[in-house]
1. For region 140-150, what does the Karplus curve 6.51 cos²θ - 1.76 cosθ + 1.60, with θ = phi - 60°, yield as ³J(HN,Hα) per residue in whole Hz, taken in order and with x for Gly and Pro?
2. Tell me which of L11, A143, G123 sits at the most positive position along the dipole axis of the chain, charges placed on C-beta atoms (Lys, Arg +1; Asp, Glu -1).
3. Go ahead and collect, in residue order, the members of region 11-36 whose backbone nitrogen is under 15 Å from a label point 7 Å along the Cα-Cβ direction of E79.
4. How large is the helix-only mean residue ellipticity at 222 nm for the chain, computed as the sum of -39500 (n - 2.57) over DSSP H runs with n ≥ 4, divided by its residue count, in deg cm²/dmol to the nearest 500?
5. Return the FRET efficiency for the residue pair L165, V23: r is the Cβ-Cβ distance, R0 is 41 Å, and the value is rounded to the nearest 0.05.
6. Whenever you get a sec, compute what percent of the accessible area on region 50-130 sits on carbon and sulfur atoms (1.4 Å probe).
7. Hey, can you rank 135-145, 47-57 by average C-beta count inside 10 Å, highest first?
8. Give the calculated FRET efficiency between L146 and D34 to the nearest 0.05, with a Förster radius of 25 Å applied to their Cβ-Cβ distance.
Amino acid sequence: MNATPASADDLIVIGKIYSVHGVRGEVKVYSFTDPIGNLLDYKTWTLRREGSVKQVELVSGRLQNKFLVTKLKGLDDREEARLLAGFEICVPRNLFPDLTDGEYYWYQLVGLKVIDHLGQLLGKIDHLLETGSNDVIVVKPCAGSLDDRERLLPYTAQCVLAVDLNAGEMKVDWDADF
């Protein structure tokens with residue numbers, strides 16, 4: 001396990017190690033990719049936790065229920081593997097596949113100002129949630145926002161009118177009948 005050469009600003013969190021599995025040093029991983037198994041496409045991971053950063057190599061992995069069990073190069077001891085619990089799994093953003101126009105990765109949307117159809121600032125996107133029918137944008141109030149309400153907006157074509165990454169804005173019709 002080595003120090004990572006990638007800039008911290010260039011890293012995107014795609015999962016998290018949460019526990020050990022078995023006695024051979026395997027670790028259980030929550031994947032933030034969709035589908036879950038896409039995390040296994042990235043063979044070099046940068047692990048990050050509370051200022052500690054290390055680079056590891058994925059040897060193998062498999063889906064087990066709603067999580068992954070992975071084997072990392074040079075990690076053969078259960079107690080050593082236990083020390084990795086809580087580390088975020090990151091990869092450089094330049095490894096992500098290009099998207100078509102109108103498609104966005106969640107990390108691109110977080111932090112955008114949310115403006116309603118009347119030009120009022122509702123707040124900033126704090127995070128997104130995956131639900132059965134559609135994703136949900138969690139908008140938290142910020143300096144200059146209309147009020148102090150947290151809003152949950154559906155990430156649908158009816159609600160999201162436009163996304164302008166360069167301007168750092170998303171225009172929404174939050175009065176729409178969803």
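1. Calculated HN-Hα couplings, in order: 9, x, 9, 4, x, 6, 3, 7, 9, 7, 8 Hz.
2. About the Cα centre, the residue reaching furthest to the positive side is L11.
3. Counting backbone N atoms under 15 Å from the label point, the list is 23-25.
4. -1000 deg cm²/dmol
5. Once the sixth-power term is evaluated, E becomes 0.30.
6. Numbers: 2320 of 4810 Å².
That fraction is 48 percent.
7. 135-145, 47-57
8. 0.20
The values are calculated or read from the model by the stated rules, or taken from the named source; none is laboratory data. Values in this document were obtained by computation on a predicted structure and should not be read as measured data. FYI the Cβ positions are ideal-geometry reconstructions off the backbone, even for glycines, and counts take in every protein chain you see. Only protein heavy atoms, including side chains, enter the accessible area calculation; ligands, DNA and RNA are left aside. Shrake-Rupley method; radii C 1.70, N 1.55, O 1.52, S 1.80 Å.
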